[in-house]
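Colleague: Mind having a look at this structure? Questions to follow.
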Amino acid sequence: MSATGWIRERLAGPVPGAVPGAVTGTWPKTALALPFIGMVLVVSLDYFSNSSVTVEPALTAVPALAAVVSRRTWYPLVIGLFTELAAFVMAIYNSVLGQSVHSATVFAIALVAGIGWVSATLRLRQEKALADAQLVAEIARRVLLRSVPDRVGSVRAAVHYAAAAAHARIGGDLYEVVNTRHGVRAVVGDVRGKGLNAVETAAAVLGAFREAAHQEPELAKVAGWLAVSLDRALHENDHPGVEEEFVTLVLIGVGADGIAEIVNCGHPAPLLMRSGEPVRALELAETVPPLGVLDPADVRPPVHRVRVQPGDRVLLFTDGVIEARDHRGAFYPLAERLSQVATGSPVEVLGRIHDDVVRHVGRQLGDDAAMLLLQYEPTTHRLPHQPGLTEQLQGQG
């Protein structure tokens, strides 16, 4: 966005662009009168002042102001003509028509009006190029990170994604929720790094998950499938630093019997929200490294199980949320804040969390941030508790 576009957006607020969520700064229509108001102020100051010095050179600012407040390339030229007329009127009134101060002012007004026309033309081309880039990024985001329906099988779901690059709208975080014959399965992950390489890696992992989630009955084998696909993608997409790339992710599957299975590969632990209980991190007794660190044949993550109740919510997120710092360097306390913002529907909860994180940071987030909220709401009666099934999570009996 151009400098003048940035100023217009801050003063007038964002206006939706061609892409949902894209913005282009603009002034309200009433701002088009500002150059005329400035012209009148300069002329009035010259007329009512008793000074022998003319303020005619101040008129050169009028066409410059026109270039700022208008999205029409011709507007600075039209204002320039009116300003030239005002300059001649002032010169005749002050009897300086033949003096150098008037000649310099006339030349400066014409020059500034011409520069304003060029500036407005270049700015509009830049904003059009940005809008085109946003459109391409939005299409890529919708292909890579598909929208999540409100209900997926036995759960209600909502997702919130914010890329660190505000105009790119896509980064290295990934998420997906699918309903399979093995139950509802979801993934949230974070690719090390940013840029196109991170997007390519995220696409490879998501493509593998969408296939493996339906084919593999065991969640651990889904992780193994992802490890193989990631290893192949990293070798095919050879680029500087590829040997240091990896992906942290957490997989969760919710079966029809109300048993949630969790596989965590170096990712922040999900948070369980249950009515009447404090928010609890589903920390696993045994952890495994992120995918891409070990040989795919050595990726055998343990599967941990926990019984969920109707109304239970599980929040999966990337480190862009919990590593968001305020001006003092303090991390955002997600687990502590959830009890205050986790009210309403899943979509409303994620919106409140995002707003709370932004307030905590006080500026745009410096890293990609993805959140996926799953609320267990079975449509049929749950099966009775299975004897012998233990919750294999730390802190649970």
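Colleague: Using beta carbons and a limit of 6 Å, which pairs, at least six apart or on different chains, have the first residue in the range 126-146 and over 17 Å from Tyr161 (Cβ atoms) and the second one modelled with pLDDT under 75 and open to solvent by 90 Å² or more (accessible area, probe 1.4 Å)?
Modeller: Qualifying pairs under 6 Å: Ala131/Ala18.
Colleague: Okay, moving on. With the condition kept exactly as written, say whether any residue in the range 344-355 is part of a loop (DSSP other than H, G, I, E, B) and modelled with pLDDT of 85 or more.
Modeller: yes
Colleague: I would also like to ask the following. Please pick out the residue among Leu230, Leu251 that is under 27 Å from the mean Cα position of the chain (by Cα), of a type outside the set (Phe, Trp, Tyr), part of a strand (DSSP E or B) and on the phi < 0 side of the Ramachandran plot.
Modeller: Of Leu230, Leu251, the one residue that is under 27 Å from the mean Cα position of the chain (by Cα), of a type outside the set (Phe, Trp, Tyr), part of a strand (DSSP E or B) and on the phi < 0 side of the Ramachandran plot is Leu251.
Colleague: Out of the residues in the range 250-280 that are out of contact with any strand residue (DSSP E or B) (no Cβ under 7 Å at 6 or more places or on another chain) and in contact (Cβ under 8 Å) with a residue 60 or more places away in the chain, which is nearest to Ile353 (Cα to Cα)?
Modeller: Residue satisfying both the conditions and the ranking: Pro278.
Colleague: Can you report the number of residues in the range 343-354 which are open to solvent by 30 Å² or more (accessible area, probe 1.4 Å) and in contact (Cβ under 8 Å) with a residue 12 or more places away in the chain?
Modeller: 3
Colleague: Give the residues of the range 306-341 that are more than 21 Å from the chain's Cα centre (by Cα) and in a loop (DSSP other than H, G, I, E, B), sorted by residue number.
Modeller: Once the filter is applied, which keeps residues that are more than 21 Å from the chain's Cα centre (by Cα) and in a loop (DSSP other than H, G, I, E, B), the range 306-341 yields Val308, Gln309, Pro310, Gly311, Asp312, Arg328, Gly329, Ala330.
Colleague: Scan the range 356-365 residue by residue and report those that are in a helix (DSSP H, G or I) and of a type in the set (A, V, I, L, M, F, W, C).
Modeller: Val357, Val358, Val361
Colleague: Taking the stated definitions as given, is Val293 in contact with a Phe, Trp or Tyr (Cβ under 8 Å, 6 or more places away or on another chain) and open to solvent by 40 Å² or more (accessible area, probe 1.4 Å)?
Modeller: When the stated conditions are applied, Val293 passes them.
Colleague: So, in the range 35-65, how many residues would count as being of a type in the set (Val, Ile, Thr) and in a loop (DSSP other than H, G, I, E, B)?
Modeller: Counting residues in the range 35-65 that are of a type in the set (Val, Ile, Thr) and in a loop (DSSP other than H, G, I, E, B) gives 3.
Colleague: Can you name every residue in the range 59-81 that is open to solvent by 50 Å² or more (accessible area, probe 1.4 Å) and under 14 Å from Thr105 (Cβ atoms)?
Modeller: Of everything in the range 59-81, just one residue is open to solvent by 50 Å² or more (accessible area, probe 1.4 Å) and under 14 Å from Thr105 (Cβ atoms), namely Ala61.
Colleague: Let me ask something additional. State which residue pairs qualify: first residue closer than 16 Å to Ala58 by Cβ and surrounded by 14 or more Cβ atoms within 10 Å (Cβ to Cβ) and inside the range 84-103, second residue among the charged types (D, E, K, R) and at pLDDT below 85 in any location, beta carbons under 9 Å apart, and separation of 6 or more residues or different chains.
Modeller: Met90/Asp46; Tyr93/Asp46; Asn94/Asp46
Colleague: Does at least one position in the range 267-281 carry a residue that is surrounded by fewer than 17 Cβ atoms within 10 Å (Cβ to Cβ), over 24 Å from Val349 (Cα atoms) and charged (D, E, K, R)?
Modeller: no
Colleague: Still on this structure, please answer the following. Where residues in the range 366-397 are modelled with pLDDT of 50 or more and assigned to a loop (DSSP other than H, G, I, E, B), which of them is farthest from Val308 (Cα to Cα)?
Modeller: Gly366
Colleague: Please determine, by comparing only the residues of the range 312-333 that are in contact with a strand residue (DSSP E or B) (Cβ under 7 Å, 6 or more places away or on another chain) and within 21 Å of Glu277 (Cβ to Cβ), which one is surrounded by the fewest Cβ atoms within 10 Å (Cβ to Cβ).
Modeller: The selected residue is Ile322.
Colleague: Hey, another quick one. Select, from Gly329, Gly311, the only residue that is at pLDDT 90 or above and more than 27 Å from Leu174 (Cβ to Cβ).
Modeller: Answer to the check: Gly311.
Colleague: Another question about this same structure. Which condition breaks for Arg192 when tested against (1) at pLDDT below 90; (2) farther than 30 Å from Ile252 by Cβ?
Modeller: (2)
Colleague: Report the residue count in the range 185-226 for those that are open to solvent by 10 Å² or more (accessible area, probe 1.4 Å), assigned to a helix (DSSP H, G or I), over 25 Å from Ile259 (Cα atoms) and not aliphatic (A, V, I, L, M).
Modeller: 4
The values are calculated or read from the model by the stated rules, or taken from the named source; none is laboratory data. Only a predicted model underlies this, so the values are computations on that prediction, with no experimental measurement involved. For neighbour counting, all protein chains shown are included, and Cβ atoms are generated from backbone atoms with ideal geometry for every residue, glycine included. Heads up: the accessible areas ignore ligands, DNA and RNA and are worked out on the full protein's heavy atoms, side chains in. Shrake-Rupley method; radii C 1.70, N 1.55, O 1.52, S 1.80 Å.
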